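First comes the structure, then the notes that go with it.
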Amino acid sequence: MGYENLIIEKRGPVALMTVNRPDKLNALNVRAREEILAALKELGEDAGVRVIVITGAGEKAFIAGADISEFTGKTPLGTREMMQKSRAFDAMEDCPKPVIAMINGYALGGGCELAMSCDIRIASAKAKFGQPEIKLGIIPGGGGTQRLARLVGEGKAMELILTGDMIDAEEALRLGLVNHVVAPEQLEAKTMEIAGKIAEMSPVAVQMAKKSVKNAARLGLQAGLETETDLFILCFTSEDKEEGIRAFMEKRKPVFKGR
């Protein structure tokens with residue numbers, strides 16, 4: 001399908017999704033969030049796509065937050081109804097395929113929340129992060145209070161959310177908010193290197209691994225260990241498992257087909 005606010009580019013097994021509103025610093029309006037949902041569904045069902053990368057158009061911003069102009073006149077009931085629908089943040093986390101955030105600039109508010117809902121985050125040294133909602137008299141509503149605390153700890157999450165302060169990429173790396181920080185000119189190459197490495201693995205095993213790791217934050221330890229066992233056993237039903245073992249024994253690189 002065609003998108004107004006997204007550019008979708010397929011590079012072999014890696015799909016690059018670019019939020020394309022550079023004049024608004026890629027702020028997420030309702031239409032952009034709907035399109036991200038649709039694109040995730042489309043790419044999630046595309047057997048040719050094994051990894052999804054999301055970024056923002058231009059050099060200034062990954063996603064600078066929600067489009068605040070759409071908040072004017074919103075009623076509590078209308079806002080609640082909108083937020084109870086399927087949300088891009090949750091769909092990103094629940095996508096069966098790994099999603100990597102390629103963070104090229106400001107990742108604030110909803111942009112930081114969207115990055116946190118991805119599985120891996122690679123940042124330019126020029127990137128800035130923050131949850132400034134408190135300065136508008138509101139709180140993060142796209143998972144920020146929950147995912148930030150899980151990533152950086154309650155104390156630091158509390159400080160960032162209550163002050164609305166921004167942090168730079170190096171501080172984000174130190175806190176564990178991002179996986180890697182690289183020079184701006186190396187951002188795409190580093191992101192595609194990691195995406196390509198994952199794309200070579202068994203899509204079946206990658207899906208099971210993502211699901212199991214996500215369960216670590218959703219379940220108690222015992223329940224998480226039990227589901228890990230179930231997912232481990234499920235991998236033994238795949239042709240990819242047979243190919244992986246055979247390739248190891250034959251000392252060659254496996255060719256996984258996602259079956």
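The table that follows gives values for the structure above.
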| read-out | value |
| --- | --- |
| Share of pairwise Cα separations in segment 6-199, more than 27 Å, in percent | 23 |
| Ratio of Rg to Rh over segment 139-186 (Cα coordinates, Kirkwood Rh, two decimals) | 1.01 |
| Helix 30-44 vs. the chain, principal-axis angle (Cα, 0 to 90°, nearest 10) | 0 |
| Set of lysines near Lys214 by C-alpha distance (under 16 Å), chain-local residues within fewer than 8 positions excluded | Lys97 |
| Quotient of Cα Rg and 2.2 N^0.38 Å for segment 121-259, N being how many residues it contains | 1.36 |
| Size of electric dipole in segment 203-249: Cβ of Lys, Arg +1 and of Asp, Glu -1, about Cα centre, debye, nearest 20 | 260 |
| Neighbour-count order for Arg87, Arg174, Arg33, fewest beta carbons within 10 angstrom listed first | Arg174, Arg87, Arg33 |
| All Cα pairs of segment 92-148, percent lying beyond 12 Å | 64 |
| Theoretical ellipticity at 222 nm over the chain - DSSP helices of four or more residues, -39500 (n - 2.57) apiece, nearest 500 | -14000 deg cm²/dmol |
| Cα long-axis angle, helix 154-163 against the chain (0 to 90 degrees, to the nearest 10) | 30 |
| Ranking of Lys211, Lys128, Lys251 by count of other Cβ atoms within 10 Å, fewest first | Lys251, Lys211, Lys128 |
| Segment 187-259: mean projected area of Cα convex hull, nm² | 6.1 |
| Mean-position separation - Cα centroids, segment 206-248 and segment 88-103, in angstrom | 19 |
| Amide hydrogen neighbours beyond the local backbone of Ile103, cut-off 5 Å, H modeled | Ile122, Ala123, Ser124 |
| Nearest 10 degrees, 0 to 90: helix 239-249 Cα axis against the chain principal axis | 60 |
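Every number in this text was worked out from the coordinates using simple rules, so none of it is lab data. Note that the structure is predicted; figures quoted are calculated from it, not measured. Don't worry about glycine lacking a Cβ; one is built from the backbone with ideal geometry, like all the others, and counts go over all protein chains shown.
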